[in-house]
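Worksheet: the structure to be examined is printed underneath.
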Amino acid sequence: DVFEENNTAYYVMEYIEGDSLSGIIKRNGPMGAEKAKEYIYCVADALAYVHNNNLLHLDVKPANVMVRSADNHVVLIDFGLSKQYDNAGEQTSSTPVGISHGYAPMEQYQQGGVKEFSPSTDIYGLGATLYYLVTGLVPPHATDVGEEGLPKLPDHLSHGVCQAIIGSMQYWRKDRPQSVKEFLKLLDDDKIVAPV
């Protein structure tokens, strides 16, 4: 529901009894890649829907992904920083830009960095969330990724999981997957790569 009160607008959301992905990792440690992929597919599906409606979430992170305890249903929450865009890709909402260190790409730190519609901004957060799920570590700050690259990923991870993380956490927006579909193509690429 949506209503106005106290000279502002409010929206009412479903109460989700469960835990966030962040809470699950804090309690249990890093999860296996296959389980992590199950959660990431659900978040990716939600993001595809959001992007198809000319919205960017702009705060994709493990703390904003709830897992309902009754049925293990995954819900992307907290649209407080989201922005809407018109058909030309120009911003139509004036919500403030927020930053979740480790999950926000460099453009979110820059004045006017998200004024144009670009799903790759949310895809950075999606890849950073996958990084957290499989390592149990908060991803490095975007400037550190730009200067030093990502830390070495665990050897047991599949080629697809590694490529999805590395590809989506590229410093430059143009170097990341430009859609959820492109991200999933990387994630599902589990070809065997011979060690060098």
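This table checks each residue for (1) within 16 Å of Y41 (Cβ to Cβ); (2) of a type in the set (A, V, I, L, M).
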position	(1), (2)
S94	no, no
M106	no, yes
L130	yes, yes
H141	no, no
V161	yes, yes
I165	yes, yes
Y171	no, no
E182	yes, no
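In segment 135-160, the residues that are touching a residue at least 60 places away in the same chain (Cβ under 8 Å) reach residues that are open to solvent by less than 30 Å² (accessible area, probe 1.4 Å) and not hydrophobic (A, V, I, L, M, F, W, C) with C-beta atoms within less than 6 angstrom, at least six apart or across chains, in these pairs: G136/G29. Give the residues of segment 1-24 that are part of a strand (DSSP E or B), loosely packed, with under 10 Cβ neighbours inside 10 Å and not charged (D, E, K, R), sorted by residue number. Listed by number, the residues that qualify are V2, F3, T8, A9, Y11. In the condition set (1) open to solvent by 30 Å² or more (accessible area, probe 1.4 Å); (2) under 29 Å from H156 (Cβ atoms), N53 is compliant with all but (2). Of the helices (runs of 4 or more DSSP H) lying entirely inside segment 87-183, not one carries at least 3 residues that are surrounded by fewer than 16 Cβ atoms within 10 Å (Cβ to Cβ) and in contact with a His (Cβ under 6 Å, 6 or more places away or on another chain). Scoring N72 on the criteria (1) surrounded by fewer than 17 Cβ atoms within 10 Å (Cβ to Cβ); (2) in a strand (DSSP E or B) leaves a single failure, condition (2).
The values are calculated or read from the model by the stated rules, or taken from the named source; none is laboratory data. Model, not experiment: these values are computed from the prediction. All Cβ positions, glycine included, derive from the backbone under ideal geometry; neighbour counts span all protein chains shown. For accessibility, only protein heavy atoms count, side chains too; no ligands or nucleic acids. Shrake-Rupley method; radii C 1.70, N 1.55, O 1.52, S 1.80 Å.
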